[in-house]
Amino acid sequence: MPELPEVETTRRGLQPHLLGRSITRTEILQPRLRWEVPPDLGAKLGGREIVEVGRRGKYLLLRTSHGTLIIHLGMSGSLRIATSEATLRKHDHAVFSLDSGERLIFHDPRRFGALLWSHIASDEHPLLRSLGPEPFDPRFHGGYLYQLARKRRCTVKTLIMNQRWVVGVGNIYANESLFIAGIRPDRQAQNIARKRYQKLAETVRQVLTDAIAQGGTTLRDFSNAKGQPGYFQLTLQVYGKAGEPCPRCGALIHMQKVGQRATFFCPRCQR
DNA sequence: ACTGGCTCCTGAGGGC
DNA sequence: TGCCCTCAGGAGCCAG
């Protein structure tokens, strides 16, 4: 589920509740997530002040002086702040009690998410080490994508969804960005001109920026730290719209699988 | 080295 | 109403 805008929306919502606070108690109700939750996670976190509420790609990073709690939301994960009396729901897998009296609750029906501990600088953690640049990093630009594409045999959509090359772009925002850039998702990455990659890099940044401003996209179950949905789904132009008219030219939006993922595009506008 | 396919889960929705 | 099938914001892992 959550792509960069949803994770960033979550981060911004959590920050005022977590920054400068300490975790007084950790309850793991379901340790079997993407990876087993470390049994000593509570001991590592206990009493440590949260000095930074960060994000790297789709990972949330709660940094303390002794290490970092790495959180990934997978496909269906969410985090919310609740009072100490609030009742738990099905699929609430972890509860972190704070010295403010509030609780941070990790909820994830499909359990593709992760809660991990990094005692080293989190950038060096194996999961984060080989991540590509943030889309807002100046190192991410059209020329960078173009150079990458020279030596790969994959579609342009697969290229921009690979977290190794650029982080944060998932299925929804890949579809939307390629529509706005006018590029067919199933085009071989090698066969696209430098100038079009410049447009694509700008478009990716713009789409993610707009989505963050709208609080992310809620298709079925995303909600922010307060349990509220996002609104970017109202802005979606092609994702999930197979058979509907293209908002630009009126041709019917086409759906096909690209790299095993549902892919939506306008066969007339996108080349 | 890459690339494509499979896999981990639960729940929703459609067809019969 | 129920059963069965397919599909879903991710991404690591493995074989080829």
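Here are the numbers for this structure:
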{"read-out": "Single match in A:Gly250, A:Gly230 (criterion: assigned to a loop (DSSP other than H, G, I, E, B), at positive phi and either surrounded by 14 or more Cβ atoms within 10 Å (Cβ to Cβ) or more than 16 Å from DNA strand B (Cβ to nearest atom) (or both))", "value": "A:Gly250"}
{"read-out": "Subset of the range A:56-107 that is in contact with a Leu (Cβ under 7 Å, 6 or more places away or on another chain) and among the charged types (D, E, K, R) - its residue that is farthest from DNA strand B (Cβ to nearest atom)", "value": "A:Arg56"}
{"read-out": "Those residues of the range A:170-196 which are away from DNA strand B (no atom under 16 Å from the Cβ) and either over 19 Å from A:Pro5 (Cβ atoms) or part of a loop (DSSP other than H, G, I, E, B) (or both), in sequence order", "value": "A:Gly182, A:Ile183, A:Ala193, A:Arg194, A:Lys195, A:Arg196"}
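Listed here are the residues, each with its yes/no results for (1) within 16 Å of DNA strand C (Cβ to nearest atom); (2) over 21 Å from A:Ser122 (Cα atoms); (3) at pLDDT 95 or above; (4) crowded, with 18+ Cβ neighbours inside 10 Å.
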| site | (1), (2), (3), (4) |
| --- | --- |
| A:Val53 | no, no, yes, yes |
| A:Arg63 | no, no, yes, yes |
| A:His66 | no, no, no, no |
| A:Leu73 | yes, no, yes, yes |
| A:Ser97 | no, yes, yes, no |
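The values are calculated or read from the model by the stated rules, or taken from the named source; none is laboratory data. Since the structure is predicted, the reported quantities are computational estimates derived from the model, not experimental observations. Glycine gets a Cβ as well: all are built from the backbone with ideal geometry, and neighbour counts include every protein chain shown.
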